[in-house]
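Written out below as structure tokens is the structure these notes cover.
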């Protein structure tokens, strides 16, 4: 094929030199990018460590993501397995450990494109749910990769509502075994990662039956593939569930069990045990289970939402200072698209949100650490709050983040649609986070249940966790702002958010009570209020995010340069929220129509201010070009050159396509004959 | 296989006959009959059967698409189908969610040659085009230049010595980028380039450029052409790049119906170029219709699946309910269903209006064109943005399974989403509409009357007596009356247009340049356009109700229309409150009424998506199957996944086994 002649462009490749349009953006930064990076990392020492890990990974060709956008499902799966296998070696070589500080940087450098992530969950679930004896037996095998594990909970017909799972495990007292079965098609395990092709073992959640009595869901270790030749074990039907929007590298699988027998010892028995005679024994509190979910949801916010969102902002903002389109002033050159107010209004609020969620993720981590210390002292008091917070924030942040990444994608015009921009993959990945680890609407309703309970308690003077005492606080009835500058005061807008969240929660609680008092059954009343309840839960999380952002800025007084720009971002995040949800702030007259005009004015003014620092603000996220893997978002801003060079690497240009053109066109010529004969 | 019991119950409980509504959507019972007849030609034709495209590599998908495209051309001619609507019906059942690489040959390449060439050029090129002796595409967009056409950099320099144009791509940014069918399929392209003759630039003109050798299909010397690589969707389409280095074409290859270059290089100016407006209006009206259909398909899938899927517990001790019984699920889906219907009627309205006035256009009467042009720009943006978000919401409403390619929603989404960008980037479109609105507002302010959809602006001058802005005006809104809600939307649009126009004036008063002032007001201007479009949609939906004779159908559409209008208010309460159009108490009522309507629409939800009458072949979704047998078919589908071709994947031997033996 004679078309990869790139002529003068590739000879004089400009890759390596920085596009002047992006270089000029960096000259005018109002703060030190390096200092902001260090602060975000939690200190210069952390930054150094992160960079060292990322560099070690990126230098290793096995981890290259260069072909990522050109791979078939089979190829990406194979690459993920290869990387996971190689990573074990690498970690050993470098002296990195699974629970060391390096792991999250490794994950960041690899963008999570690894196989065997569920193997880690397999290990964790045995550590948490298994007896000491079980841990001693299985964990060494797993950590040595003598077996590969997965975690099979979700079924074809059942997701978030665990009690509805249908898989059964019947205890057979004569052989001292459990007999596992998939009683019908909707009970087939569906979606578990690593299960379609890789796993040899999996933890299966099934309804336990002893002597005909159901004891509810329990976890069982089930071998599904041979350790010798990897073929399926008797009674097992398993495979890959087919193409998805993303995660092509993961073999999400299905699993059908037909009279599969496992020994009695394979039921994970830290909390419950079936004794040889069939006696069912329960021990300890299962509350700790909630804690695992909480852990996963909190780590998901930073790894699967904040980082992709930061990447999307980096790509879209860098591209927007390189892309020129139309003229803003006659006789001048075409303007950078970031100079358009509408483009600023698309991207800068998303940038502010990326920072806001970065800080809320720290806040949640801290809350979690506190909770963990309490739990170790056998105090479970904080669990409901932790559970409610991790649920609500998971829902709010994933939903917000998904729409933010979508906005970034669409703000890059046609080129955003190319996989080479990196944005479609970020979008399809972050989108999945709205569903896994609990469907968002259901999670918001769990948070709402907690908030309503706290509201009831607070209004009758009982004590509630500090994060929700605001529900009983007395706030002024009107927002005191007098001019647009007043809306740049964190006290003013934080109070507006607090008022709004409290109002939505209290009015929903009142509605619920009214319905119940008018004779509507409790569950019906709940269902009739769910739209409002979900809105109230989101409002609560939004308020806490704003408040936490403002408090984070306050603590920055020793770094005035950074504090100033963070304050602008905090203002922007808060005012964007009021501007876009004007109705709920106007509703009871807390914010007046005239004040809303002030909000709008201040909000739009801020766009122009932050515009000047937009590129330094994304530079501070400190993603390497390899991590971004985007033709539009590289540090040097050589967008078009890179797009052109990458496109030529596409297999569609390398190999001769299998199409026989003469056949296609002769078919058309035949059509002609048919038509005119 | 039997129909799923849940769906059977849903269908039995409907209060109206879905066929009657289908007829309305199709434009008459006879058209429905003919559409089904045409669809059957494809469905029953073994030539059109193929493996699910989701299991194929990109190269294989492209090949399938080319095969199908060729087949479609043959069969359409074989059956003598020539009416544009009938061709459309035929193609959409063939293609499902996917684009066709030949698409631009028939739409843009052929259309442009038909409308912009001289008789001599027609005689030379059209037979080649009709006979598909040559395959062409339309190369306008460049790597660095999109919506702003004047910025294109490709040059065509006239050389009187040889009577040729010399085409060049002078920079990387000038490489033609994105045109469909350009990478691999086409051997000709209409190239838009800046014309230079006698040392002067004469602006953009169109040229016919051969790019590949007929017969061998190799690129011609001086031409660099290829595929732009993988995309979010459009795997079937070889969107391409094209770079030209001193590539010469004869003088006659410039499309010369309007502007001309004479042999000596003299440039003859075109008479009028407003006619191109007409084409843009037409294509954008198609996008409005496409927004309606894509959203309808996503709704069909999500609503049927929600009737089949059971989850959790609504009442203690009872079996798991259908997820469609949850208020939150209804709140996600029913407003989208109402939106799909609204957009359908809007699409039909624009199409009709275009056909009504296209006669005038050809006679040179362009008086109605500016308003229609402004309106379609905004509606294109409004409907494609809304549908895009709506399809996403439908996918989200299907939980994890919506993420699987078997749901069909990912394909609908990735195929639809570029329409927010192509044929005019949406924000730019909104600003075009805003320009028209501000112009109309200025006319009204200076005492003139305006007509058409913006005539509500005339009322503003009457209220000028009041010192307050429009906000002070009270509209006695009756929230159960669509006609009254149209008034509320009208008041909101008037208020936002006025606010934007005043802010623009204020910026100008700060002695800013016109462009600066416009830029600093553009967020307000976009909001004004959105409010205007929203008003037009509510108005057209409401107007449609009066045309429906069957009482049961009218009743259910009235509920949908009310839901559309009230939901729109509840999502934009700020505008209505701030302008004083509605009170706090009314907003509370609106929110309440929205939820009541969800419950009222619930029994008809499945029948309402059945009325769209998408054949399973067209829907391409396991979750949205008409018979509702979802789970069995998901399993069957998954078994065909490429990873399942062998029971033990090669990775086991290549990586896993060696690792286990080493560790």
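Readers should treat all values here as calculations from the given coordinates under stated rules, not as data from a laboratory. Nothing here was measured: the structure is a model prediction, and the numbers come from that model. Here the Cβ positions follow ideal geometry from the backbone for every residue, glycine too, while neighbour counts run over all protein chains shown.
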With a ≥ b ≥ c from the Cα gyration tensor eigenvalues, square-rooted, and the rule rounded for a/c under 1.5, otherwise prolate when a/b > b/c and oblate otherwise, region A:422-581 is oblate
Students often check this: by mean Cβ neighbours within 10 Å, which of B:182-195, A:424-437, A:594-607, A:209-222 ranks highest, and how do the rest follow? B:182-195, A:424-437, A:594-607, A:209-222
From other protein chains only, count the Cβ atoms within 10 Å of every residue's Cβ in A:75-82, then give the mean. 3
What percentages, rounded to whole numbers, describe P(r) for region A:521-668 computed over all alpha carbon pairs with 10 Å bin width beginning at zero? 8, 20, 22, 18, 14, 11, 6, 1
Cα-based Rg and Dmax for region B:587-663, where Dmax is the largest Cα-Cα distance (Å): 23.6, 70
Could you order the peptides A:275-283, B:76-84, B:500-508 from most to least packed, using the average number of other C-beta atoms within 10 Å per residue? B:500-508, B:76-84, A:275-283
If you average over every viewing direction, what projected area does the convex hull of the Cα atoms of region B:194-272 give, in nm²? 7.7
Which translational diffusion coefficient, to the nearest whole µm²/s, is obtained for chain B from the Stokes-Einstein equation, given a Kirkwood hydrodynamic radius over C-alpha pairs, 10 °C and 1.306 mPa s? 58
What share of Cα pairs, in percent, lie more than 20 angstrom apart in region B:422-575? 54
Report the equivalent ellipsoid semi-axes for region A:35-115 in whole Å, largest first, defined as the square roots of five times the eigenvalues of the gyration tensor built from alpha carbon atoms. 25, 15, 10
Exposure-ranked with fewest Cβ neighbours within 10 Å first, A:254, B:631 stand as B:631, A:254
Taking Rh as the Kirkwood radius computed over alpha-carbon pairs of region A:291-620 and applying Stokes-Einstein at 20 °C with viscosity 1.002 mPa s, one gets a diffusion coefficient in µm² s⁻¹ of 102
Three-way shape label, region B:147-293, alpha-carbon gyration tensor, a/c 1.5: oblate
Per the Debye formula with a single identical scatterer at each Cα and no solvent contribution, what log10 I(q)/I(0) holds for region A:259-350 at q = 0.16 Å⁻¹? -0.83
Taking each pair of distinct Cα atoms in region B:521-663 once, what is the resulting Kirkwood hydrodynamic radius in Å? 20.5
Quick one: go through region A:80-121 and flag any residue whose amide nitrogen is under 11 Å from the point 7 Å out along the Cα-to-Cβ line of residue A:624. A:106, A:109-110
Convex hull of region B:525-582 built on C-alpha atoms - directionally averaged projected area, nm²: 4.2
re region A:172-302: pairs of Cα atoms spaced beyond 23 Å account for a percent value of 43
How far apart, in nm, are two points set 7 Å out from the Cα along the Cα-to-Cβ line at residue A:213 and at residue A:237? 3.4
Kirkwood-based Rg to Rh ratio, region A:533-573, C-alpha trace: 1.14
Over the Cα atoms of region B:541-617, how large are the radius of gyration and the largest Cα-Cα distance (Dmax), in Å? 15.1, 49
If you wrap a convex hull around the alpha carbons of region A:366-412, what volume per residue comes out, as a whole number of Å³? 58
Which shape class, rounded, prolate or oblate, goes with chain A when its Cα gyration tensor gives a ≥ b ≥ c as root eigenvalues, a/c under 1.5 marks rounded, and past that a/b bigger than b/c marks prolate? oblate
Inter-chain Cβ neighbour average for residues B:129-136, partner chain, 10 Å: 3
Computed E for residue B:451/residue A:485 - FRET, C-beta separation, R0 56 angstrom, nearest 0.05: 0.80
Where the convex hull is taken over the Cα atoms of region A:504-594, what is its projected area averaged over directions, in nm²? 7.4
Counting C-alpha atoms alone, how compact is region B:109-208: give Rg to one decimal and Dmax as a whole number, in angstrom. 14.0, 39
All Cα pairs of the protein assembly as shown, percent lying beyond 59 Å: 14
Counting just the Cα atoms, what span does region A:356-439 cover along each of its three principal axes? Round to the nearest Å and put the largest first. 55, 23, 17
Would you please report the Å³ per residue occupied by the convex hull of the alpha carbon atoms in region B:328-422? 102
Can you give the FRET efficiency for residue B:124 and residue B:279, using 1/(1 + (r/R0)^6), R0 = 22 Å, r = Cβ-Cβ distance, to the nearest 0.05? 0.45
One computes Rg over Rh for region B:41-95 from alpha-carbon atoms, with the Kirkwood Rh, and obtains 0.99
How well do other chains shield peptide B:58-66, expressed as the mean number of their Cβ atoms within 10 Å of each residue Cβ? 4
How much length is gained if the chain between residue A:104 and residue A:551 is pulled fully straight, taking 0.36 nm per residue apart and subtracting their Cα-Cα distance, in nm to one decimal? 158.3 nm
Measure off 7 Å from each Cα along the Cα-to-Cβ vector at residue B:543 and residue A:377, then give the distance between these two points in nanometres to one decimal. 7.1
